[in-house]
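These notes are about the structure you will find just below.
Any read-out appearing in this document is the output of simple, stated calculations on the displayed coordinates, not a laboratory observation. Note that the structure is predicted; figures quoted are calculated from it, not measured. Note that each Cβ is placed from the backbone with ideal geometry, even for glycine, and that neighbours are counted across all protein chains shown.
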Ligand code: NA7
């Protein structure tokens, strides 16, 4: 780099999470030279950063793992039904070593700019250290939930204690024992961290703006028989999972919640509640489509909250009423609602009284100052577009991606965006991604991208770009798919409304893994319908 020359590769991959690692593996398999640029000092992506106590996946560990290598999936042993963050990170490292990935990953390297060079259809990628990489293909494997969001609370800078964000938790141990701790945020992260904070802190104040639905995860040590049942026909089960909308092998209720008797419905909800995990929201076929059907499940969970929480005034504050169950991502917890029965936990309702400001020693809500020593922010992410918008991505005719996406992200299949040739996005906006087992979504996208690059190399083309018209049609499909569901009735990060100024556009594709995958495969089989494919110089429309 000394002379400022860009180092040349066939493929530059941004991010060494599950997407970037697999992309590197497949790029190598094609005989291409590839490099991964990663801001962290290790692999694992979101599982590298989210080290807060209680961090755990809400997809069962037998499923939340790569399926591309039979040897890998047989060899790896998960110790619990739902894997904890340290175990998932250990798995990511195991994969990196097994497939010898580390030698082509540059750690502590944050990509700050990626610019398309029109003269030779290459991407020039620059890092925070001033290094530059040049490649024909650039793959953004930057993740959907990787840009942590800190709320704009007046006076937060003046707070003298420590502030921790769940999405960017310190790597050295955090000891909160004997402290008065404040926690803001009651989404999936908050619901996981709050019981752990309560167990450590002298006193915990939970500042809650919107209550959430949560189902007990009922996590437990891995059952040897269960593990064996998966491993004895893993490939078949993975294939079955891919026939399900979320890419998760689960028991999907086929009936409408309104077509069964109240007793049958209750029995089914009780059964699923006892099983634990997020499966309650697929107990019936129409829970995310029909508001009346949804209300039956919502009522059931509200009743459970009231039965778990002793103080009924507290229970009421914890009871979600503003959104259909499942329309915001459903949470899975371990003793979350029980935590509010502890003497050292106080729930502060922000709905009636928002946070006014932070002071040097606490949080001011209305006229009440809650004195705290440390503050934990579980305030979420700039989802799906946040990591991309942190990079200065510049396409054809010097068009910044941020400019193009000013009114919301537009992609074709979530994989590419018009005006940005040769730039692929893994699990981009407009793909099912965050509504699925994201590892399934990642594998499908990465394999599609690898096949696409292989095809382009085979036919001696070195330029691919989404057609504006195909993109427009796809975005319309994404919009229509969401419109028929209850998802659009919640103020969620799926819609981007948790980020001030972000356009309210429902970003993921709701159509599910099988339909999406069929569409993507169909497009590829039809000579990349909707894409402009061209040779080195001068466009040759296919
Ligand atoms: P989420 O689900 O976006 O939750 C963020 C929480 O933080 C939510 O309860 C917010 O309340 C709350 N929040 C954010 N800003 C504020 C302010 N200013 N004041 C009070 N409360 C605030 O993020 P998570 O990290 O929990 O989960 C994200 C995904 O990661 C999750 O779905 C899994 O897929 C993994 P609000 O609801 O906006 O009123």
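What the table below lists for this structure:
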quantity	calculated
All-pairs Cα distance distribution in the chain, expressed in whole percent, bin size 20 Å	21, 55, 23, 1
Sorted by Cβ neighbour density within 10 Å, fewest at the top, the residues 455, 203, 25, 77	77, 455, 203, 25
Mean Cβ count within 10 Å, highest first, over the residues of peptides 59-67, 442-450, 254-262, 472-480	442-450, 59-67, 472-480, 254-262
Residue exposure sequence - 510, 497, 345 - by fewest surrounding Cβ within 10 Å	497, 345, 510
Antiparallel bridges, percent of DSSP beta bridges restricted to the chain (to nearest 5)	40 percent
Helix-derived mean residue ellipticity, 222 nm - over the chain, DSSP H n ≥ 4, -39500 (n - 2.57), to 500	-9000 deg cm²/dmol
Where labels lie 7 Å past Cα in the beta-carbon direction, separation of residue 132 and residue 243 in nm	5.3 nm
Within the range 13-34: backbone nitrogen closer than 15 Å to the residue 71 label point (7 Å, Cα to C-beta)	25-26, 29
Three-way shape call for the range 9-167 based on the alpha-carbon gyration tensor, with the a/c threshold at 1.5	oblate
Sites residue 200 and residue 451, calculated FRET efficiency, Cβ-Cβ separation with R0 51 Å, nearest 0.05	0.55
Using a Förster distance of 41 Å, the FRET efficiency for residue 491-residue 264 (Cβ separation, nearest 0.05)	0.80
Packing-based exposure ordering (other Cβ within 10 Å, fewest first) of 112, 505, 12	112, 505, 12
Rounded to 10°, Cα long-axis angle of helix 85-98 versus longest principal axis of the chain	20 degrees
Förster radius 35 Å - calculated FRET efficiency between residue 406 and residue 525, Cβ distance, rounded to 0.05	0.55
Rounded tilt (10° steps) of 291-308 against the dominant C-alpha axis of the chain	50 degrees
Difference of contour (0.36 nm per residue) and Cα-Cα distance, residue 223 to residue 460	80.2 nm
Tensor-based shape of the range 1-93 (alpha-carbon gyration tensor, a/c under 1.5 rounded, otherwise prolate or oblate)	oblate
Three-way shape label, the range 73-191, alpha-carbon gyration tensor, a/c 1.5	oblate
Cα-projected label distance for residue 468 with residue 343, points at 7 Å along beta-carbon direction, nm	6.9 nm
In degrees, nearest ten, helix 513-525 long axis to first principal axis of the chain (Cα)	10 degrees
